[in-house]
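Notes follow the structure.
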Amino acid sequence: MAGEFGQNMTIGYAEFEASLDRGRFHANYFIFGADPFLVDSARNSLRQALEQAGPVVVVTLDLDEVSVDELINSAQSLSMFAPRQFLVVKSAMKLREHQGKRLAQYFANPNPQTVIAFLAGDLDRDQRKKKIFETLSAGTHVVELAPLNPGEVKEWIEQQAREKGCSIEPEAIRFLLELQGSDLGRLYQEVEKATLYSGTDATITLPVVQAVSGFAASHTLLEFLDAIVARNKARALELVEEVFFTGKETGLAFWWFGQQLRQWVQFRELAGKTPAAVIGRQAGVYRALAAQRMQEQAKRFSRRSLIRALQGLAVVDDKVKSSCVDTRFSMEMLVHDLTN
């Protein structure tokens, strides 16, 4: 492992990944930047590169919760389960000068079987004047990740779609950029949702991103729908609280579920008379694979049960707006009836 110190540079994420491809790792890294998603991606890329080189044990330590001495003891210890360990360290910028000196002692003689990555967010001028910043910069390979420029963000979106087996139209990219800006975390979620909505081996179009934009990309939304389709009542009821009452965007979760129910009704009413792709275009499902999947889902319910669920959801919505005490119970009864 290379032990070069104090190489402070502002680089792009692609450059950082290219450095990992060479397979030579530094003992200690200090990775920070304005975009938290890029910092997390850099950490994940470093971990994957280490794992490709051989078995590695990964440990995350937060210096708000453990002492510097505990960190150093962990770094100096040999793992019983792999020849190398990777320590991900948070909150290092909060350390005081005497704690930084303990780190500096370790940096002078690091354990060759340990790789440490100190992570931080955007660091302003005052933070860069701190003694701990000087200590970390002197004892680690410093990687300040530059935010992506507009052209790079566009290429990044295209790459995310390709990795999921899709392509994405320029109009859809422009819509996402107008809606989310250059926030890579939100853009990643939107592409993830659009891919699930479109199906693999498909093109993500403007109508698709318009249809799925706005509600949270938490997998619990999809898990809730899967539980409903599978008639897994216990799992669906378990997710009701998180999805519809304690999530970050609960109002949009209600809208999303209502949209699913209405689309199922349309597929149920026209089943056997009209091809799935045609029904899909009428219902706002624009990819043939997604339309076929939704048609199969709709077959699991009677038209009557879907209409009753829509009516029940309208009642729940009214109770949410008027802060009724039995709102959750009404939602649970809706799920109970739909999964019978």
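The numbers here are math on the coordinates, done by the rules we state, and not lab data. In this text the structure is predicted, and so the values were computed from the model without any measurement. FYI the Cβ positions are ideal-geometry reconstructions off the backbone, even for glycines, and counts take in every protein chain you see.
Using r as the Cβ-Cβ distance of Asn73 and Arg186, and R0 as 45 Å, what FRET efficiency do you calculate, to the nearest 0.05?
Values: r = 39 Å, r/R0 = 0.86.
My answer for the efficiency is 0.70.
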Task: Value of relative contact order over segment 150-212, rounded to a whole percent, pairs C-alpha under 8 Å and six or more apart - done: 42 percent
Task: lysines whose Cα lies under 17 Å from that of Lys101, excluding same-chain neighbours fewer than 8 positions away - done: Lys129, Lys130, Lys131
TODO: Could you bin all the Cα-Cα distances of segment 219-338 into 10 Å bins starting at 0 and give me the percent of pairs in each, rounded to whole numbers?
DONE: 14, 45, 32, 9, 1
TODO: Please work out how much length the chain gains when fully extended from Leu289 to Arg102, using 0.36 nm per residue of separation minus the C-alpha to C-alpha distance, in nm with one decimal.
DONE: 61.5 nm
- [ ] Using Cα centres only, tell me the gap between segment 157-188 and segment 76-138 in whole Å.
- [x] 34 Å
- [ ] Pop a pseudo-label 7 angstrom from the Cα along the beta-carbon direction at both Thr246 and Lys131 and give the gap in nm to one decimal.
- [x] 4.3 nm
TODO: Go through [x] 20.8; [y] 23.2; [z] 24.5 and flag the label whose value is the computed Kirkwood radius over Cα pairs in Å for this structure.
DONE: [y]
- [ ] Using a cut-off of under 20 Å, list every residue of segment 250-268 whose amide N is near the label point 7 Å from the Cα of Met333 along the Cα-to-beta-carbon line.
- [x] 254, 258
Task: aspartates and glutamates whose Cα lies under 20 Å from that of Lys273, excluding same-chain neighbours fewer than 8 positions away - done: Glu296
TODO: Over the Cα atoms of segment 9-145, compute the convex hull volume and normalise it per residue, giving Å³.
DONE: 98 Å³
TODO: Just tell me which lysines come within less than 21 Å, Cα to Cα, of Lys233; anything on the same chain fewer than 8 places away is out.
DONE: Lys299
